[in-house]
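Student: Here it is: the structure, laid out below.
The values are calculated or read from the model by the stated rules, or taken from the named source; none is laboratory data. Fair warning: this is a prediction, and the values are worked out from it, not measured in the lab. A quick note on method: Cβ atoms are made from the backbone with ideal geometry, for glycine too, and the neighbour counts reach across all protein chains shown. Accessible surface areas use protein heavy atoms only, side chains included; no ligands, DNA or RNA. Shrake-Rupley method; radii C 1.70, N 1.55, O 1.52, S 1.80 Å.
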Protein chains: 2
Amino acid sequence: MIAKVKGMNDLVYPESEKLNKVIEKIRFLFKLYNAREIVTPLLEHSEVFHREKENSDMVIKETYDFMDRGNRKLTIRPEGTAGVARAYLENKLYLDDDIVKLFYFGTFYRYERPQKGRLREFRQFGIEVFNSDSYLIDLEVIELVSRIYNSFGLKTRIRLNSLGNETSILNYKSKIKEYFNLYKESLCPDCLNRLENNPLRILDCKVDCHKDFFKNAPSTLKYLDLDSKKRFEELLKLLDKLEIPYLVDDKLVRGLDYYSETVFEIDILSDNNDAIKTLGGGGRYNNLTKELGGENTSCFGFAGGIERLINALDETNYDYKLSDSPKFYIITFDKEFEDYGLSILKEIRDKNIAAEFSYKDRSIKSKVKKGITLNSKYLIIIGKNEFDNQTLILKDTVTSTQEELSYSSFKEFLENMEK
Amino acid sequence: MIAKVKGMNDLVYPESEKLNKVIEKIRFLFKLYNAREIVTPLLEHSEVFHREKENSDMVIKETYDFMDRGNRKLTIRPEGTAGVARAYLENKLYLDDDIVKLFYFGTFYRYERPQKGRLREFRQFGIEVFNSDSYLIDLEVIELVSRIYNSFGLKTRIRLNSLGNETSILNYKSKIKEYFNLYKESLCPDCLNRLENNPLRILDCKVDCHKDFFKNAPSTLKYLDLDSKKRFEELLKLLDKLEIPYLVDDKLVRGLDYYSETVFEIDILSDNNDAIKTLGGGGRYNNLTKELGGENTSCFGFAGGIERLINALDETNYDYKLSDSPKFYIITFDKEFEDYGLSILKEIRDKNIAAEFSYKDRSIKSKVKKGITLNSKYLIIIGKNEFDNQTLILKDTVTSTQEELSYSSFKEFLENMEK
């Protein structure tokens, strides 16, 4: 049998419905913030992601790249920000010189080693706010992200840091290179590479971060200039004021090259306030639109994993409010009465009430059993008697009572249900 | 500037929201029918689509195929049915030997010449009903499809036909080959090819169908055996009974190889009942699950184009009920009052009411203008006076009235709005 592709999952009910419920709720919250949804294509010209300055593992080792039938080099999107930035420029969404808040939901693709909560096809939601470098926008997004996760009843905390402007980042980079050079022997092979190409990424290492020398690595905050420092302090003050729980993490730098000033992640907390898992992250970036060939624009963005969120919700036994079983299950005793049963079926659905019909050729007993397995509140049973008299038997599976109703009283019954 | 890929579009507001509104409504209707949503990956092993018996243009000329980093031959899905059938088998959704109704929404990819309403990335919704060959299932799906389009206020008609069982189809194929052979000189180049490889497809030709000899081509209905004939008559009788408008089209065969018995399409009608445009189609298929390496299962499916539906709705000025502008727009006169303004902003959003803040550094006049352009019902204005007294000015942009409220009376005002 032909199997699904490794690292990609089918979502069968109830997983498919959980996904929708989660998306619906997040979409509602995005709209509270006057953000507008954007949907960009799954395929982009490879340069959208393979940019000169971008040398993350994600882009170098994990993208799905190919040539199309017209010899275009395309990449299946591995993340959302670059495509949205491309669309922002191409659709001239900056025309009215105002802040533009765009949110998205999508599937993304990375050729990684599949593991729990990390598949080759995965889903993210995200927001990008263009055209303002105010720390109030940092606040707006961080507060929104907090609200999203809290609305699901999760206990979270923002972990944030400031990288400062481009000069501070350069200074810090050389400092961190110097520092880790002292511990060369203790670095993992990946970090040895990073030491040359992008020393900041050592700070993201899931292996070396547990080693002793790591804890004493220099702090980004020491290299901020006055403006960046003040900016960060103002942001923290407002987080206090709005009572958003946060923790400053002066080793947080995030994976991509384009970040500057504020970067942040959001963690789920255990009962005693330990960070258990990171749900998503983001920060400020300034050069991306330029790298894509547009004007330089200041942006602040966030992306969160949807599978990761659903896993976390499953662990807290979150009530997704999944849809009910069909309210009615219609059983006819004989082929002859089918069209009478089908009229009733249509009548019910016309009232926007879910109903199912006993399509399979089975004994009456099996049909009744099926209706009960299906968890329908009502069975409608049509035998010869009912067909001849144009009535029906309405059986309430919860109270185990039943009555014979004329077609017109059943219609009345339906009318009353609706309200 | 890097552009989007040819034939693929960004959906910017309000297009993105129209998409959601349409999907939401269709999803609701699918659930009325006890169908369950399934989400399958975008990428499949190529054999899922490139099956031995499948020789449609779509599969041969239009798929996006490539090798992944692990040398798997993958195809970006060009249609929904094969992936859903693969998932049905792989997830053993047939285990309880009952009818299984699966619906989906998704993007699909075909390397075609882009034209209005036909892009390289496009969206479809669809349903596949597995595990019953009853004509009642044909009816169930056709009635559902009718309901979906009618629920949007579109005037539609089902166009349907029966191909009969595999023997009837073989007989008909040889007949149609014979017939079109007589008109070889008049056939378009594509149809000349089809004459050899798959003569049935000539009937789908958008060029030759306008030619005279086409109208007299043999009817599929003449080649049905007694069972198929009776089956089709029963179906038509029930369509009459349920008052679903239809038209029998004995030249309708549909593009793919796996169809048998009932096939159908749904057309939009003009005021004088001419078919203007086809919105989608489907039919019964029996061999697909076998071709994918599973047990043979009888299925009935439908897929409809979402862009095509939205285009049709746009033409009828359909009211999508797009979401409102933010109810409140908050204007502060000075940086000093920002945090007071931000507390109010949070207060409003805490009540699940959409609000926006005047983030951009502008004159008061421009800020007010922006609030009005944004079409906010209320402006909240905070100057020095209001800040000092912890009050605010609430301006109703519709009635052009304004009043000063204490913070606590504003909170009361919000409480009352909620209800």
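Student: Could you pull out every residue, at least 5 positions away or on a different chain, whose amide H is within less than 5 Å of the one on A:S323? Hs are placed 1.01 Å off N in the peptide plane, and Pro or chain starts have none.
Tutor: Under 5 Å from the amide H of A:S323: no residue qualifies.
Student: Please compute the contact order of chain B in relative form: average sequence separation of alpha-carbon pairs under 8 Å and at least six residues apart, divided by the residue count, as a percent.
Tutor: Working: 673 pairs, mean separation 60.9, N = 419.
So the answer I get is 15 percent.
Student: If we hang a label 7 Å off Cα along the beta carbon direction at A:P189, how far is it from the matching labels on the other copies, in nm, shortest first?
Tutor: For A:P189, the inter-copy label distances come out at 5.5 nm.
Student: In sequence order, what are the phi-derived ³J(HN,Hα) couplings for the range A:353-360 according to the Karplus relation 6.51 cos²θ - 1.76 cosθ + 1.60 with θ = phi - 60°, rounded to whole Hz, with x for glycine and proline?
Tutor: Couplings: 10, 6, 8, 10, 10, 7, 5, 6 Hz.
Student: How large, in Å, is the range A:188-256 by the Kirkwood hydrodynamic radius built from its alpha-carbon pairs?
Tutor: Values: mean 1/r = 0.0717 Å⁻¹.
Value: 14.0 Å, from the Cα pair sum.
Student: Comparing the chain by itself with all protein chains present, which residues of the range B:77-111 are at least 10 Å² less accessible (probe 1.4 Å)?
Tutor: Checking the loss per residue gives B:R86, B:L89, B:E90, B:N91, B:L93, B:D96, B:D97, B:D98, B:I99, B:K101, B:Y109, B:Y111.
Student: If you don't mind, there's one more thing I want to ask. Would you work out which of B:S162, B:N181, B:S146 lies farthest towards the positive end of the dipole of the range B:145-210? Charges go on Cβ: Lys and Arg +1, Asp and Glu -1.
Tutor: Working it through, the farthest residue towards the positive pole turns out to be B:S146.
Student: Now for a separate question. If you plug each phi of the range A:207-212 into the Karplus form 6.51 cos²θ - 1.76 cosθ + 1.60 with θ = phi - 60°, what whole-Hz ³J(HN,Hα) values come out, in order, with x for Gly and Pro?
Tutor: Each residue of the range A:207-212 in turn: 8, 6, 5, 8, 7, 4 Hz.
Student: Take the solvent-accessible surface of the protein heavy atoms, probe 1.4 Å, and return the percent of it on the range A:328-418 that carbon and sulfur atoms account for.
Tutor: Numbers: 2060 of 4470 Å².
Its accessible area is 46 percent carbon and sulfur atoms.
Student: Between A:S406 and B:N216, what FRET efficiency follows from the Cβ-Cβ distance if R0 is 51 Å, with the result rounded to 0.05? Intermediate values should be presented prior to the final figure.
Tutor: Values: r = 53 Å, r/R0 = 1.04.
In this case the efficiency is close to 0.45.
Student: If I build a Gaussian network model for chain A, linking alpha-carbon pairs within less than 10 angstrom, which residue out of A:N375, A:N286, A:N165 has the largest mean-square fluctuation?
Tutor: Maximum fluctuation in the GNM of chain A, among the listed residues, is at A:N375.
Student: So, one more: Could you pull out the longest piece of chain B with no exposed loop GluC sites (Glu not before Pro) in it, calling a site exposed if DSSP puts it outside H, G, I, E, B and it has at most 11 other Cβ atoms within 10 Å?
Tutor: Working: sites that count: B:E52, B:E243, B:E295.
The reported range is B:53-242.
Student: So which lysines pass the test for A:K184, namely a Cα distance under 17 Å, with those fewer than 8 places away in the same chain ruled out?
Tutor: Result set, ordered by chain and number: A:K173, A:K175, A:K206, A:K211, A:K215.
Student: Exactly which trypsin sites (Lys or Arg not before Pro) in the range B:140-231 are in a DSSP loop and have at most 16 other Cβ atoms within 10 Å? Before the final figure, lay out the partial values.
Tutor: Working: sites: B:R147, B:K155, B:R157, B:R159, B:K173, B:K175, B:K177, B:K184, B:R194, B:R201, B:K206, B:K211, B:K215, B:K222, B:K229, B:K230, B:R231; in loops: B:K155, B:K206, B:K211.
Qualifying residues, ordered by number: B:K155, B:K206, B:K211.
Student: Also: May I ask you to evaluate 6.51 cos²θ - 1.76 cosθ + 1.60, the Karplus curve with θ = phi - 60°, for each residue of the range B:157-164 and list the ³J(HN,Hα) values in order in whole Hz, giving x for glycine and proline?
Tutor: For the range B:157-164, the Karplus curve yields 9, 7, 10, 9, 7, 10, 8, x Hz.
Student: Name the residue, out of A:D65, A:D324, A:D250, whose mean-square fluctuation peaks in a Gaussian network model built on chain A with Cα pairs under 10 Å.
Tutor: A:D324
Student: Have a look at B:Y111, B:Y94, B:V84 and report the one farthest towards the positive end of the charge dipole of the range B:82-136, computed about the Cα centre with Cβ charges (Lys/Arg +1, Asp/Glu -1).
Tutor: Most positive-ward Cα: B:Y111.
Student: As a test question: what accessible area, to the nearest 10 Å², does B:R110 have when a 1.4 Å probe is rolled over all protein chains in place?
Tutor: 40 Å²
Student: Rounded to the nearest 100 Å², what's the accessible area chains B and A bury against each other, both chains counted, probe 1.4 Å? Working shown, then result.
Tutor: Working: alone 22650 and 22690 Å², together 36510 Å².
Protein heavy atoms only, the B-A interface buries about 8800 Å².
Student: How large is the translational diffusion coefficient of the range A:328-418 in µm² per second when you combine the Kirkwood radius over alpha carbon pairs with Stokes-Einstein at 10 °C and 1.306 mPa s?
Tutor: D = 122 µm²/s.
Student: Can you send over the carbon and sulfur percentage of the accessible area for the range A:194-248, probe radius 1.4 Å, protein chains only? Show your work: numbers first, answer last.
Tutor: On the way: 1700 of 3210 Å².
C and S fraction of accessible area: 53 percent.
Student: Right, here's the next one. Per residue, how much space in cubic angstrom lies within the convex hull of the C-alpha atoms of the protein assembly as shown?
Tutor: On the way: hull volume 164.7 nm³, N = 838.
Taking only Cα atoms, the protein assembly as shown has a hull volume of 197 Å³ per residue.
Student: In nm, what does the list of distances from A:P245 to its counterparts in the other copies look like, shortest first, when each label sits 7 Å along Cα to Cβ?
Tutor: Spacings between copies for this position, smallest first, are 6.0 nm.
Student: Further, regarding this structure: Under the rule of at least 5 residues apart or a separate chain, name every residue whose amide H is placed under 5 Å from the amide H of B:L269.
Tutor: B:K155, B:T156, B:R157, B:I276
Student: Only helices at least 20 Å long along their axis, Cα-based, and averaging -0.5 or more on Kyte-Doolittle count here, so list those DSSP H runs from chain A. Present the calculation step by step, with values, prior to reporting the outcome.
Tutor: Numbers: long enough: A:15-32 (26 Å, -0.26); A:135-151 (24 Å, 0.62); A:166-181 (22 Å, -0.94); A:226-241 (22 Å, -0.82).
Counting only whole DSSP H runs, the qualifying helices are A:15-32, A:135-151.
Student: Compute, for the protein assembly as shown, the length of the dipole vector about the Cα centre, with Cβ point charges of +1 (Lys, Arg) and -1 (Asp, Glu) only. Units Debye, rounded to 20. Present the calculation step by step, with values, prior to reporting the outcome.
Tutor: Working: 132 positive and 140 negative charges, 224 e Å.
Taking the Cα centre of the protein assembly as shown as origin, the dipole is about 1080 debye.
Student: With charges only on Cβ, +1 for K and R and -1 for D and E, what is the dipole size of the range A:30-123 about its Cα centre, in debye, rounded to 20?
Tutor: On the way: 18 positive and 16 negative charges, 88 e Å.
I would put it at about 420 debye.
Student: What accessible area per residue comes out for chain A, rounded to a whole number of Å², with a 1.4 Å probe?
Tutor: Working: 18280 Å² over 419 residues.
Each residue of chain A exposes 44 Å² on average to a 1.4 Å probe.
Student: Counting only the heavy atoms of the protein chains, how much of B:H50 is accessible to a 1.4 Å probe, in Å² to the nearest 10?
Tutor: The accessible area comes out at roughly 60 Å².
Student: Does the range B:19-116 classify as rounded, prolate or oblate by the C-alpha gyration tensor (a ≥ b ≥ c root eigenvalues; a/c under 1.5 gives rounded; else a/b over b/c gives prolate, otherwise oblate)? Intermediate values should be presented prior to the final figure.
Tutor: On the way: a/c = 2.14, a/b = 1.35, b/c = 1.58.
Oblate.
Student: State the Cα centre-to-centre distance between the range B:154-215 and the range B:303-374 in whole Å.
Tutor: The distance from the Cα centre of the range B:154-215 to that of the range B:303-374 comes to 54 Å.
Student: Another question about this same structure. Where in the range A:118-147 does accessible area fall by at least 50 Å² between the isolated chain and the complete protein assembly, at a 1.4 Å probe radius?
Tutor: Hits at the 50 Å² cut-off: A:L136, A:R147.
Student: Provide an ascending nm list, one decimal, of label-point separations from B:S325 to the equivalent residue in each further copy; define each label point as 7 Å from Cα along Cα→Cβ.
Tutor: Spacings between copies for this position, smallest first, are 4.9 nm.
Student: Here's a follow-up. Given the rotation relating B and A, tell me which residue in B puts its Cβ closest to the axis and the distance in Å.
Tutor: Result for the axis mapping B onto A: B:F66, 2.
Student: Further question: Which cross-chain or sequence-distant (5 or more) residues have an amide H under 5 Å from the amide H of B:E261, H modelled 1.01 Å from N in plane?
Tutor: Distant-sequence amide H within range of B:E261: B:L163, B:G164, B:N165.
Student: Also: Would you look at the GNM of chain B, springs on alpha carbons closer than 10 Å, and say which of B:P218, B:P189, B:P245 moves the most?
Tutor: Largest GNM mean-square fluctuation: B:P189.
Student: Using the alpha-carbon centroid of each, what span in Å lies between the range B:123-149 and the range A:250-290?
Tutor: 46 Å
Student: Just how far, in whole angstrom, is the range B:1-27 from the range B:43-85 if you go by their alpha carbon centroids?
Tutor: Between the Cα centres of the range B:43-85 and the range B:1-27 lies a distance of 24 Å.
Student: If you don't mind, another one. Measure off 7 Å from each Cα along the Cα-to-Cβ vector at A:D350 and A:L269, then give the distance between these two points in nanometres to one decimal.
Tutor: 5.6 nm
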